[in-house]
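> My questions will all concern the structure given below.
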Amino acid sequence: MKEYIFDCVVIGGGAAGMAAALEVEKSGFDTAIVEREEHLGGILLQCIHNGFGLHEFKEELTGPEYAERFAERVQASSVKVFLESTVMELSESGEAAGMHELHCYSSVYGVFLLKARSVILSMGCRERNRGNIGIPGSRPSGIMTAGLAQRLVNIDGYIPGEQIVIIGSGDIGLIMARRMTWAGCKVHAVIEIQPYPSGITRNIVQCLEDFDIPLYLSHVVSEIRGKDRIESIRVTPLKNGIQDEENSFEIKCDTLLLSVGLVPENELSRKAGIELSPQINGPLVDSFLMTNKKGIFACGNVLHVHDLVDYVSRESRSAGSNVVKYLNSTLTGVQNKVKAGANVRYVVPQKFNFQGDNQFYMRSMIVKNGAKVEVRAGNIIIKTVNHNHVQPSEMISISIKKEELEKISGIPDQQLEISII
Amino acid sequence: MKYDIAIIGAGVSGASIARKLSQYNLKTILIEKEADVSFGTSKANSGIVHAGFHTSWKYLKSRLEIQGNLMFDGLQRELGFPFRRCGIIVAAFSEEELKHVQELYRQGVENGVIGIEICSRERILDIEPKLNPDVIGGLHAPNGGIIEPYRFVFSLVESALKNGVELFLNFKVEKAVRSRGTWMISSDDGQIVEADYVINAAGLYADSISAIFNAELFKIIPRKGEEYLLDRMSPAYPNKVIFPVPSGKSKGTLIIPTVEGTMMVGPTAEEVEDKEDTSTSTEQLNRIFDFSRRIIPSISERDIITSFAGLRPALESGDFYIDVSQKAENFIQVAGIQSPGLTAAPAIGDYVKDLLKKLDCSLIEKKNWDPFIDKVPRMRNLSHYESEKIVKENPQYGNIICRCEKVSEAEIVEAVKRGHSTLDGVKFFTRTGMGRCQGGFCTYKTIKIIMRETGLSYNQVTKRGRNSKVLMRKLGGDS
Ligand SMILES: Cc1cc2nc3c(=O)[nH]c(=O)nc-3n(C[C@H](O)[C@H](O)[C@H](O)COP(=O)(O)OP(=O)(O)OC[C@H]3O[C@@H](n4cnc5c(N)ncnc54)[C@H](O)[C@@H]3O)c2cc1C
Ligand SMILES: Cc1cc2nc3c(=O)[nH]c(=O)nc-3n(C[C@H](O)[C@H](O)[C@H](O)COP(=O)(O)OP(=O)(O)OC[C@H]3O[C@@H](n4cnc5c(N)ncnc54)[C@H](O)[C@@H]3O)c2cc1C
């Protein structure tokens, strides 16, 4: 079997993988990206709408444009890119301590083996499907995830149906509501089980309100009807969390798009023995974004689902620079625990250190105007940041400078707790 | 076209009969209304090769079950479908249930079930550690097993076709007349097939087919069974098929490991009116999971990847009705094939062959009958080194299309070449889209491969034939 040795192998060439690989390569390390598709870019390639890069490039780009900027840099660098190649297995090398092995399958390069001193997981995420959310009824054609529809429309140029209903008000669903309307389809409704939308506000306005597409909050699809092709759905409002059958109504449609959440893609990680967070399904990482396996790091949607690609790039660069330190054997520092406090669903990373600045990403469990993000260690308040508005769909990021932690640096086993109040 | 034998219905019954008859010098046609074989009840069931202790040998279905069970090892060698004799247990949670287990044991012994045993609590937990520790004992039948039912049917049909049987898909039998000693069978769209003998293996519609041929009048009662499929990562994956002890009213639901490493809970049993009603419901979901969790506590709704329902084509008698018609000439009934129809199918093939003898059909064995079919390499079963070799020969094996179930482009191409050109057909043949993401990633790639290999245009590709189109229109014009 053909074998190649690298200092660092990056799995997945989306926004995360490209940014991380470039950061490692910059310091002169032999770096490779393995990407299953024919092009670098990942999910960005099907997001032809605007809204990418405001932080990163200070201008509004489409997904493919954003991807292209990074892909050009990758091509100009010494990063070796294996396209149309899938990593099938990640394992520890039987021969040398600290080496990792990646078995890759490709129609271009055949079956080959990569050996690497470090690995970056950046496999992105996948969409939840109908089974995961268990909608009762028949199982006709015409039901698909919004992301698949997006791919079919934007890349392959096919319209999956004309009379559309969308379940879930996640960003992909909202963007597809607008996309399908532009393509001449009729979008009848977006149905959301929560009392608040799960996509960002900008998308609610620009994708639904501007097109008079009704959004039904606190409603569920209680039945799918149709034999060969979907014919209609039954929609039932929720009253105090219970289905209010009496006020159910029917919507005729030939297509049902599901935008019911994304889950980090961690099949490989799990098999490699990497510990995952049961909350977010991404690897548990320390403040350097390193997993419980030495030398394996994670960033981007495989770690936790992001709503802004700019954050993905930033997080991935930081993973890359930590890999550089790891390869130089200068990645050291005691890791202390970070906990999600009141009203916080999760915090990533789950550890912090005193050696440098720390960057945390989190999601709120509440919708609130005039909220405060508060970081504390026991009774000591480290930092508070004001937010005009928080909601579960908008990721919150907070950075804590090294100096800000000085107040507590002498005390052993200090834990941080981040709350939204 | 004139045939000796026409078999109506390409489910597991029709397919088994077709393969059996392919051993003889007969011109046989297998007729199916759907776009592919096994699209009826034979695709939506529990996939269990039953052990033969559940009903008395006085029933035909029980005798054929026991005989069929014994035939699976040989068939697997010849046809290569996924099958494993994992064994079946019945778990008892009370003294009362334990008494019932003893009755099942006696019945099993009487029926001739090989290896059947009664287990103590210790033994049953040893065989199946996932069981709720409150279990107090049970039954173990090591001869029970699991198969992929549609792959079984596909391979039977492929073998039959290889030996000269012909297959008509999308042929819905609607009319039949007997004239000058043969049957003229017409489809709803005016196609005609002529045959001397007709075998009615139409599953849920065996009653209408019987009526069309002016044969016996009976009623098939659809009995719905809902099943839920759980992710292969589920911590509840058992070693054995697990039955509860049947109680008066409800049979309870089962916990089933599938041969391909996922697991299933179900089925329910509910009589319905509509023969097309394969919908699932929240009430049944809750029932199934509440019930199953008492047997294996680690079962969770969180692991559901999909659900489906199948309809058992039951007769009031509760037994199979396989016999020569007393009313219609040269007509054989294969009706009421409810559970354990899958298990019994190989024996049904033999049984029907013998019925043909009663009708003076001449059965002369072919000299060159070939029981084997070509096996398709499956990437998920190969080691890295075996994969390397096969990818060298055919690079399409290196293009992994379905990441959840590890299916390559070459396997999809092979499915299409063997006549499975709908998305569901490809899915059943290869498992693409059957895993955790349920086709979220691979569907568009599969559609493209189907289009390339068949020459179908985008709006001719369907999920499962007829009007189940996937793509409606091309962006920017020509619809
Ligand atoms: C549909 C959608 C719409 C969005 N809209 C916006 C927006 O409007 N504005 C904004 O700023 N952000 C948006 N985002 C967020 C942002 O664009 C993404 O979070 C970001 O692009 C994710 O990058 P990633 O590299 O983590 O994942 P991905 O882009 O998913 O990349 C992962 C890559 O890994 C590859 N891969 C996976 N497994 C393997 C393997 N085993 N072997 C080889 N390769 C593998 C995949 O093929 C893929 O190319 C959107 C996200 C989605 C999903
Ligand atoms: C939920 C459930 C679980 C089960 N579990 C098991 C199990 O674990 N083990 C077991 O042994 N058995 C099991 N069974 C029973 C088993 O699935 C059936 O007995 C078996 O599949 C019946 O096969 P068949 O070929 O007789 O019918 P079918 O598979 O229904 O085949 C009949 C075919 O005839 C075709 N047809 C009908 N009308 C016409 C027409 N007019 N023209 C042309 N074609 C026509 C149909 O399209 C269909 O393909 C289960 C059944 C159900 C519903």
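> From (1) within 14 Å of another protein chain (Cβ to nearest Cβ); (2) surrounded by fewer than 18 Cβ atoms within 10 Å (Cβ to Cβ); (3) closer than 30 Å to A:Cys185 by Cα, pick out the condition that doesn't hold for A:Val220.
It is condition (2) that A:Val220 fails.
> Identify all residues within region A:310-327 that are at pLDDT 95 or above, open to solvent by less than 20 Å² (accessible area, probe 1.4 Å) and within 13 Å of ligand 1 (Cβ to nearest atom); write none if there are none.
A:Val312, A:Ser313, A:Glu315, A:Ser316, A:Ala319, A:Gly320
> Return the residue satisfying two criteria in turn: it lies in region A:43-86 and is within 14 Å of another protein chain (Cβ to nearest Cβ) and touching a helix residue (DSSP H, G or I) at 6+ places or on another chain (Cβ under 6 Å), and of such residues it is surrounded by the fewest Cβ atoms within 10 Å (Cβ to Cβ). Reasoning before the result, please.
Going residue by residue through region A:43-86, those that are within 14 Å of another protein chain (Cβ to nearest Cβ) are A:43, A:45-46, A:48, A:82-86.
With the extra rule that they be touching a helix residue (DSSP H, G or I) at 6+ places or on another chain (Cβ under 6 Å), the set shrinks to A:45-46, A:48.
Details: A:Leu45: 22, A:Gln46: 21, A:Ile48: 16.
Among those residues, the one meeting the criterion is A:Ile48.
> Next up: With respect to A:Ile133, is the statement that it is open to solvent by 10 Å² or more (accessible area, probe 1.4 Å), within 14 Å of chain B (Cβ to nearest Cβ) and either more than 23 Å from A:Gly300 (Cβ to Cβ) or away from ligand 2 (no atom under 16 Å from the Cβ) (or both) true? Give the steps one after another, and end with the answer.
Values: open to solvent by 10 Å² or more (accessible area, probe 1.4 Å): yes; within 14 Å of chain B (Cβ to nearest Cβ): yes; either more than 23 Å from A:Gly300 (Cβ to Cβ) or away from ligand 2 (no atom under 16 Å from the Cβ) (or both): yes.
Yes: the conditions hold for A:Ile133.
> For region A:291-402, list the strands (runs of 3 or more DSSP E) that sit wholly inside it and hold at least 3 residues that are over 20 Å from the mean Cα position of the chain (by Cα); which are they? It would help to see each step written out before you state the result.
Details: elements: A:296-298, A:336-340, A:344-348, A:358-364, A:368-377, A:380-390, A:396-400.
Here the list reads A:336-340, A:368-377, A:380-390.
> Still on this model: Out of curiosity, is A:Leu262 within 8 Å of ligand 1 (Cβ to nearest atom) and within 12 Å of the chain's Cα centre (by Cα)?
On the way: within 8 Å of ligand 1 (Cβ to nearest atom): yes; within 12 Å of the chain's Cα centre (by Cα): yes.
Yes; evaluated as a whole, the condition is true for this residue.
> Only one of (1) touching a Cys at 6+ places or on another chain (Cβ under 7 Å); (2) not assigned by TED's automatic domain parsing to the domain that holds B:Gly341 fails for B:Pro142. Which number is that?
(1)
> Now a separate question. What pairs come out if I take residues in region A:8-32 that are of a type in the set (Asp, Glu) and pair them with residues that are in a strand (DSSP E or B) whose C-beta lies under 6 Å away, six or more apart or interchain?
Once the first residue is of a type in the set (Asp, Glu) and sits in region A:8-32, its partners that are in a strand (DSSP E or B) give A:Glu25/A:Thr31; A:Asp30/A:Phe6; A:Asp30/A:Asp7.
> Among the candidates A:Gly295, A:Gly282, A:Gly261, which residue alone is open to solvent by 30 Å² or more (accessible area, probe 1.4 Å) and among the small types (Gly, Ala, Ser)? Let's see the steps before the verdict.
Details: A:Gly295 fails: open to solvent by 30 Å² or more (accessible area, probe 1.4 Å); A:Gly282 fails: open to solvent by 30 Å² or more (accessible area, probe 1.4 Å).
None of the others qualify; the one that does is A:Gly261.
> With more than 16 Å from ligand 2 (Cβ to nearest atom) and either open to solvent by less than 10 Å² (accessible area, probe 1.4 Å) or modelled with pLDDT of 95 or more (or both) as the only criterion, which of A:Arg126, A:Arg117 stands out?
A:Arg117
> Considering only residues of region A:104-119 that are in a strand (DSSP E or B) and in contact with a Ser or Thr (Cβ under 8 Å, 6 or more places away or on another chain), which is farthest from ligand 1 (Cβ to nearest atom)? Give the derivation first.
So in region A:104-119, the residues in a strand (DSSP E or B) come out as A:104-106, A:110-119.
Those still in the list that are in contact with a Ser or Thr (Cβ under 8 Å, 6 or more places away or on another chain) too: A:104-106, A:111-112, A:115.
Details: A:Cys104: 7, A:Tyr105: 9, A:Ser106: 10, A:Val111: 13, A:Phe112: 13, A:Lys115: 16 Å.
Taking the candidates together, the pick is A:Lys115.
> Residue by residue through region A:161-197, note down the ones that are within 9 Å of chain B (Cβ to nearest Cβ) and either crowded, with 24+ Cβ neighbours inside 10 Å or in a strand (DSSP E or B) (or both).
A:Gly161, the sole residue that qualifies.
> Turning to a different aspect of this structure: Might you let me know whether region A:89-98 holds any residue that is surrounded by 22 or more Cβ atoms within 10 Å (Cβ to Cβ), at pLDDT 95 or above and assigned by TED's automatic domain parsing to the domain that holds A:Val324? Give the steps one after another, and end with the answer.
Applying the first criterion (surrounded by 22 or more Cβ atoms within 10 Å (Cβ to Cβ)) to region A:89-98 yields A:90.
From what's left, at pLDDT 95 or above: A:90.
Checking which are assigned by TED's automatic domain parsing to the domain that holds A:Val324 leaves us with A:90.
Yes, some residue in region A:89-98 is surrounded by 22 or more Cβ atoms within 10 Å (Cβ to Cβ), at pLDDT 95 or above and assigned by TED's automatic domain parsing to the domain that holds A:Val324.
> Moving on. Does A:Arg151 count as crowded, with 19+ Cβ neighbours inside 10 Å, within 21 Å of B:Cys442 (Cα to Cα), within 16 Å of ligand 2 (Cβ to nearest atom) and not assigned by TED's automatic domain parsing to the domain that holds A:Val323?
Details: crowded, with 19+ Cβ neighbours inside 10 Å: yes; within 21 Å of B:Cys442 (Cα to Cα): yes; within 16 Å of ligand 2 (Cβ to nearest atom): no; not assigned by TED's automatic domain parsing to the domain that holds A:Val323: yes.
In short, no.
> Okay, next question. Would you list the helices (runs of 4 or more DSSP H) that sit entirely within region B:60-173 and hold 2 or more residues that are within 30 Å of B:Arg378 (Cα to Cα) and free of Cβ contacts under 8 Å to residues at least 40 places away in the same chain? Working first, answer last.
Details: elements: B:60-79, B:95-111, B:121-127, B:149-162.
Those helices (runs of 4 or more DSSP H) span B:60-79.
> Provide a single number: the residues in region A:25-56 that are within 24 Å of A:Val324 (Cα to Cα), within 14 Å of ligand 1 (Cβ to nearest atom) and part of a loop (DSSP other than H, G, I, E, B).
The qualifying residues number 3.
The values are calculated or read from the model by the stated rules, or taken from the named source; none is laboratory data. These numbers were taken from a predicted model, which means no experiment stands behind them. When we count neighbours, we look across all protein chains shown, and the Cβ atoms used for this are built from the backbone with ideal geometry, even at glycine. Calculation scope for accessible area: heavy atoms of the full protein, side chains included, ligands and nucleic acids excluded. Shrake-Rupley method; radii C 1.70, N 1.55, O 1.52, S 1.80 Å.
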